[in-house]
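Engineer: Starting off with a structure, shown below.
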Amino acid sequence: MKRKEFLKSLGMTSLVLPLVVGCSDDEDINPITDDTSSESSSDSSSSDTSYSSDSCTSTPSETEGPFPTKDPSSLEQVDITGDRTGVALSIEIAILNLNESCAAIEGAIVDIWHCDKDGNYSEYGGTQMQSTNYTSVHFLRGRQVTDSDGLVKFTSIFPGWYQSRATHIHVHIYSSSGKSLLVTQIAFPEGDDSAVVAVNAASDYGYTKGMSGYTYNSNDNVFSDGVAEELSTISGSIEEGYSLSHSIVVSA
């Protein structure tokens with residue numbers, strides 16, 4: 001079963017719900033153990049939680065920095081919006097095991113974080129990398145544990161963008177015991193009819209940059225080598241909000 005078919009089996013293909021800087025090659029620190037380590041409805045369920053092994057492909061590893069969550073264990077929550085405003089985004093991610101023909105992994109720990117509509121991250125700022133100081137707040141960061149279908153769900157807002165990066169979401173996945181399994185990033189579909197274009201034209205929602213100066217996936221310093229395994233599925237509208245669905249394949 002190919003990835004799109006798998007997502008259909010989970011009911012995820014039509015979800016209706018959720019610096020001026022290039023990313024640096026920072027070490028990925030496991031915040032649990034302190035070890036260094038290298039679009040339908042939200043109530044989806046399925047007993048078919050694997051692909052055929054010949055179509056099960058590992059998700060690429062990407063950089064965690066420069067703005068990883070400092071204490072993710074304190075941010076176990078579904079709604080990660082905080083005080084941020086923007087176009088609503090519901091996020092549903094499936095975590096799958098490469099070593100078991102992409103069977104769903106129950107009990108995996110999933111951390112996500114992304115910038116706000118203006119391209120700023122919480123927990124950082126007041127520096128040349130990000131002038132706006134958000135060091136004392138923790139918006140748009142969260143942790144969840146996968147259910148029996150390998151799923152985690154978050155409520156958020158549609159990310160903005162900043163120089164040298166396409167729209168993206170960071171993800172760090174751990175085993176139930178806290179072993180780091182993968183640091184990666186989620187890419188967004190682009191094109192004239194894409195949610196990325198629509199949202200960045202939504203000035204009534206506070207997205208004021210438009211697409212002038214936007215870095216597309218093909219020129220992004222993380223995604224330029226290809227986004228086939230990192231590209232999410234997006235559905236919805238500005239008025240009703242968007243839903244993102246994505247599967248990530250790790251070796252567990």
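Engineer: Return the pair list, or none, for Cβ contacts closer than 7 Å from residues in region 102-120 that are closer than 17 Å to SER58 by Cβ and part of a loop (DSSP other than H, G, I, E, B) to residues that are hydroxyl-bearing (Ser, Thr, Tyr) and modelled with pLDDT of 95 or more, at least 6 apart or on different chains.
Structural biologist: The qualifying pairs are ILE105/THR146; ALA108/THR146; ALA108/TYR174; ALA108/SER175; ALA108/SER176.
Engineer: Right, here's the next one. Return a yes/no flag: does region 179-199 have any residue that is among the charged types (D, E, K, R), surrounded by fewer than 14 Cβ atoms within 10 Å (Cβ to Cβ) and either on the phi < 0 side of the Ramachandran plot or not in a strand (DSSP E or B) (or both).
Structural biologist: The initial filter retains those residues of region 179-199 that are among the charged types (D, E, K, R), namely 179, 190, 192-193.
Still in the list and also surrounded by fewer than 14 Cβ atoms within 10 Å (Cβ to Cβ): 192-193.
After this cut, where a residue has to be either on the phi < 0 side of the Ramachandran plot or not in a strand (DSSP E or B) (or both) as well, the list is 192-193.
Checked against the condition, which is being among the charged types (D, E, K, R), surrounded by fewer than 14 Cβ atoms within 10 Å (Cβ to Cβ) and either on the phi < 0 side of the Ramachandran plot or not in a strand (DSSP E or B) (or both), region 179-199 yields at least one hit.
Residue-wise test of (1) farther than 23 Å from VAL250 by Cβ; (2) within 14 Å of the chain's Cα centre (by Cα); (3) not in a loop (DSSP other than H, G, I, E, B).
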position: HIS138; (1), (2), (3): yes, no, no
position: GLN144; (1), (2), (3): no, yes, yes
position: ASP147; (1), (2), (3): no, no, no
position: VAL152; (1), (2), (3): no, yes, yes
position: THR155; (1), (2), (3): yes, yes, yes
position: VAL171; (1), (2), (3): no, yes, yes
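Engineer: Select, from TYR134, TYR205, the only residue that is modelled with pLDDT of 95 or more, more than 17 Å from VAL110 (Cβ to Cβ) and either surrounded by 21 or more Cβ atoms within 10 Å (Cβ to Cβ) or touching an Asp or Glu at 6+ places or on another chain (Cβ under 9 Å) (or both).
Structural biologist: Values: TYR205 fails: either surrounded by 21 or more Cβ atoms within 10 Å (Cβ to Cβ) or touching an Asp or Glu at 6+ places or on another chain (Cβ under 9 Å) (or both).
Within the list TYR134, TYR205, the selection yields TYR134.
Engineer: If you don't mind, another one. Name the single residue that is surrounded by the fewest Cβ atoms within 10 Å (Cβ to Cβ) among those in region 234-251 being within 13 Å of the chain's Cα centre (by Cα), of a type in the set (Ser, Thr, Tyr) and under 26 Å from SER175 (Cβ atoms). Even if it seems obvious, please write down each step before you answer.
Structural biologist: Taking region 234-251 and keeping what is within 13 Å of the chain's Cα centre (by Cα), we get 234, 243-248.
Still in the running and of a type in the set (Ser, Thr, Tyr): 243, 245, 247.
Next, from what is left, pick out any that are under 26 Å from SER175 (Cβ atoms): 245, 247.
Values: SER245: 28, SER247: 24.
Here the answer is SER247.
Engineer: Now, a different point. What number of residues within region 211-252 satisfy the criterion of being among the aromatic types (Phe, Trp, Tyr), touching a Ser or Thr at 6+ places or on another chain (Cβ under 8 Å) and farther than 24 Å from ILE95 by Cβ? Lay out the reasoning, then the answer.
Structural biologist: First pass over region 211-252, keeping only residues among the aromatic types (Phe, Trp, Tyr): 214, 216, 223, 242.
Right, trim to touching a Ser or Thr at 6+ places or on another chain (Cβ under 8 Å) and you get 242.
After this cut, where a residue has to be farther than 24 Å from ILE95 by Cβ as well, the list is none.
Here the count works out to 0.
Engineer: Taking region 69-100, which residues are in a loop (DSSP other than H, G, I, E, B) and either surrounded by fewer than 23 Cβ atoms within 10 Å (Cβ to Cβ) or on the phi > 0 side of the Ramachandran plot (or both)?
Structural biologist: Initial filter on region 69-100 (in a loop (DSSP other than H, G, I, E, B)): 69-71, 75, 77-78, 80-87.
Selection gives LYS70, ASP71, LEU75, GLN77, VAL78, THR81, GLY82, ASP83, ARG84, THR85, GLY86.
Engineer: If you don't mind, another one. Sort out which residues of region 157-169 are part of a strand (DSSP E or B) and aliphatic (A, V, I, L, M), and write them in order of number.
Structural biologist: ILE157, ILE169
Engineer: How many residues are surrounded by 12 or more Cβ atoms within 10 Å (Cβ to Cβ) and either in contact with a Leu (Cβ under 6 Å, 6 or more places away or on another chain) or part of a loop (DSSP other than H, G, I, E, B) (or both) if we restrict to region 212-224?
Structural biologist: Of the residues in that region, 8 qualify.
The values are calculated or read from the model by the stated rules, or taken from the named source; none is laboratory data. Here the structure is a predicted model, which means the values were calculated and not measured. Every residue, glycine as well, gets a Cβ built from its backbone with ideal geometry; the counts of neighbours run over all protein chains shown.
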